[in-house]
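The values are calculated or read from the model by the stated rules, or taken from the named source; none is laboratory data. Please read all numbers here as calculations on a predicted model, not as lab measurements. Methodologically, a virtual Cβ is constructed for each residue, glycine included, from the backbone with ideal geometry; neighbour enumeration extends over all protein chains shown. When the accessible area is computed, the model is the full protein with side chains, heavy atoms only, and any ligands, DNA or RNA have been set aside. Shrake-Rupley method; radii C 1.70, N 1.55, O 1.52, S 1.80 Å.
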Amino acid sequence: MKALNYSVVRGICAVLMGVLLVTWPEAAIVYLVIAIGAMFFVPSLFSLVGYFTKGRQEGAMFPIVGIGSLLFGLWLMISPAFFVGILMYVLGAVLVFAGITQIVQLVNARGWTQVAVGYYIMPVLILLAGLVVLLNPFAAAAIPFIILGVSSIVYGITDIINLIRFRKKDEKKEENSVVIEEVTPIEELPTEVKS
């Protein structure tokens, strides 16, 4: 029964998480950046506390990297939208550059061989994807979270349906099963009989 309860709770949590990700993907992006900032901040805070409590007495070097990580983590937690915007602009620029580079290579290849129109489809799609990301970075950043949310909803619902369906079959199996009592073994006869 505990396994059943755990499975139902797991399925419900997956559906709820999926609904939240689909409903507010922009917030999920921001919270992800905040979580990354916390991962930079917390360990560097411990290293600084460790230095000031024991390190100075033992002659350890001042943790300059710890200060940098602490400040970077703090910055990520304070202004996550800024970093999401920068990341998406960089990604968009890379996609645009990659698409243009592939188109130029295909045009140059036409000098010595025939290039079918179908070869231009992927570079043009990459270029268009880069332009979409540059024009609307937050919507482009939200798409993976929406896909993750839909996947989580589907997972949770199918998990609950499978649990209910297989539980009913398991109950029918228990009703039809026959209880066999344990039989005590008979003592073995001696192999050699004295004559």
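In this entry, Gln114 passes the filter for residues that are open to solvent by 80 Å² or more (accessible area, probe 1.4 Å), farther than 30 Å from Gly11 by Cβ, free of Cβ contacts under 8 Å to residues at least 24 places away in the same chain and not in a helix (DSSP H, G or I). Of all the listed residues (Tyr89, Tyr119), the sole one being of a type in the set (Ser, Thr, Tyr) and under 30 Å from Phe40 (Cα atoms) is Tyr89.
Taken together, the residues in region 45-92 that are open to solvent by less than 40 Å² (accessible area, probe 1.4 Å), within 15 Å of Tyr31 (Cα to Cα) and of a type in the set (Gly, Ala, Ser) amount to 3. Considering only residues that are in contact with a helix residue (DSSP H, G or I) (Cβ under 7 Å, 6 or more places away or on another chain) and either modelled with pLDDT under 85 or open to solvent by 50 Å² or more (accessible area, probe 1.4 Å) (or both), which ones fall in region 96-105? Matches in region 96-105: Ile100, Gln102.
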